[in-house]
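Taking it in order: structure first as structure tokens, then the write-up.
The values are calculated or read from the model by the stated rules, or taken from the named source; none is laboratory data. Because the structure is a prediction, the values reported are computed rather than measured. Virtual Cβ from ideal backbone geometry, glycine too; neighbours counted across all protein chains shown. We work out accessible area using only protein heavy atoms, side chains counted, and drop any ligands, DNA or RNA first. Shrake-Rupley method; radii C 1.70, N 1.55, O 1.52, S 1.80 Å.
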Amino acid sequence: MPAKSRFTRLDAFTKTVDEARVRTTSGGIVTIASLLIVLYLALGEWRDYRRVVVHPELIVDKGRGEKMEIHLNISFPQIPCELLTLDVMDVSGEQQTGVMHGVNKVRLQPVANGGGVIDVKSLDLHEEAPHLDPEYCGGCYGANPPANAQKAGCCNTCDEVREAYASVSWAFGRGENVEQCEREHYAERLDSQRNEGCRIEGGIRVNKVVGNFHIAPGRSFSNGNMHVHDLNNYFDTPVPGGHVFTHTIHSLRFGPQLPEEITQKMGKKELLPWTNHHLNPLDDTHQITNEPAYNFMYFIKVVSTSYLPLGWDRKTYGSADDTNLGKLGHGSDGSIETHQYSVTSHRRSLNGGDDSAEGHKEKLHARGGIPGVFFSYDISPMKVINREERTKTLTGFLTGLCAIIGGTLTVAAAVDRGVYEGATRLKKLQSKTL
């Protein structure tokens, strides 16, 4: 048996015969205790292996030619919807004037009547005139007919006349001596709604470049290289004290909102206000002014943020459904592309002066400008990636499990040996005294 003798010399686990083994009560207790400890620690190791954490990473944003959605909900309790215009422009030269796609103008009752909702749709002061002769073709009063006119080359409604005036950068006013507007009683209807408020809600899709969007009074148009608004109807008002841009920003976010279960994974809810993680700092912002010629400016720094769930697919990452407004940023693999932002704000009177009333005499304001609420946003070159990961790999879990079993049994053997030796010595001492 030479092979057997050769391997016998390498045996690191020497055996004892059954006759040399001694079983004690203390050994049984230590064995049960060690098994319970192993079971408890192994269960904790399993829970740790199954736990999913979110690890943030900071990288350079290398995206090009991307789009971004802006979702807003802003109330103006002292300006009717007819006077408000939402315009978007960016450094790429793209302008979206009079944006309405995905945006609702919600008419609100006067503040004295509680400010309740009147209707939830775009304000329509320019109804069609079905009683007109089918051959009727209204004039545009020297302006170019709008491309989207109901009848090509004509201005059959007051709204089409306003569009034509805006296309040639002409101020429109209340529509005096304009046949279409007098027929539709445009000025009378506008005056009847002067005390109403307005809430603008919805979403717009913009290029992911530096830009701004603003909510200002009157129809907007370009005059040379300047972007201007027709402010006649805003300042010429029968409302005592005039219209003012007191407003409440109920919500403003760039991209989709992260679900509640995801924000819970990122940290305890009570800690989020301190970290400002995935919160929108302009939510529930309220600004008050008593001057009609007043504007508010918000300077926003937008940071791209990705959330990659456990098991996300690298091949399908970024292939989000962007056909419908509100779907941009949601990946088919559960990943979410959104944005965080920080903001600073500034407010000033268009009449000039200083802030001595607020204790800042040294703060001087320039004279002139457009009243309204302006949001200027800049895109950060950095990107935050929040990636779901398990705290341990399968190999780490098995290694930890082996360490628990081996370590616990080794310590239990040492404890049992100590108890056994102590009991044996105590018995010998007792036998000598007897």
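Among the residues of segment 140-163, are any closer than 30 Å to PRO256 by Cβ and in contact (Cβ under 8 Å) with a residue 24 or more places away in the chain?
No, segment 140-163 has no match at all.
Would you pick out the residues in segment 172-199 that are outside any helix (DSSP H, G or I), closer than 27 Å to CYS154 by Cβ and among the acidic types (Asp, Glu)?
Result: GLU176, GLU184.
Among the residues of segment 410-420 satisfying the criterion of being open to solvent by less than 70 Å² (accessible area, probe 1.4 Å) and of a type outside the set (A, V, I, L, M), which is farthest from GLY27 (Cα to Cα)?
GLY418
Could you tell me whether VAL60 is over 30 Å from ALA216 (Cβ atoms), open to solvent by 30 Å² or more (accessible area, probe 1.4 Å), modelled with pLDDT under 85 and aliphatic (A, V, I, L, M)?
The answer is no for VAL60.
Cβ contacts < 9 Å: first residue touching a residue at least 24 places away in the same chain (Cβ under 8 Å), restricted to segment 407-427; second residue outside any helix (DSSP H, G or I) and of a type in the set (Ser, Thr, Tyr), any location; separation 6+ or different chain. Result?
Every condition considered, the pairs that remain are ASP416/THR24; VAL419/THR24; TYR420/THR24; ALA423/THR24.
Look at VAL209 and say whether it is assigned to a loop (DSSP other than H, G, I, E, B) and either open to solvent by 10 Å² or more (accessible area, probe 1.4 Å) or in contact (Cβ under 8 Å) with a residue 60 or more places away in the chain (or both).
yes
Looking only at segment 54-91, how many residues end up being assigned to a strand (DSSP E or B) and over 21 Å from the mean Cα position of the chain (by Cα)?
3
Give segment 237-251 a look and list any residue that's farther than 21 Å from ARG348 by Cα and modelled with pLDDT of 80 or more, or say none.
Matches in segment 237-251: THR237, VAL239, PRO240, HIS250, SER251.
Would you mind stating whether VAL178 is in the same structural domain as GLN95 (by the TED database), of a type in the set (A, V, I, L, M), out of contact with any Asp or Glu (no Cβ under 6 Å at 6 or more places or on another chain) and more than 17 Å from HIS229 (Cα to Cα)?
Taking the combined requirement at face value, the residue satisfies it.
State all residues of segment 199-225 that are within 22 Å of ASP236 (Cα to Cα), hydrophobic (A, V, I, L, M, F, W, C) and at pLDDT below 90; if no residue qualifies, say none.
Passing the criteria: only PHE221.
Could you figure out which of (1) at pLDDT 85 or above; (2) open to solvent by 40 Å² or more (accessible area, probe 1.4 Å) isn't true of GLU182?
It fails just one condition, (1).
Would it be correct to say that ALA423 is part of a helix (DSSP H, G or I) and open to solvent by less than 50 Å² (accessible area, probe 1.4 Å)?
yes
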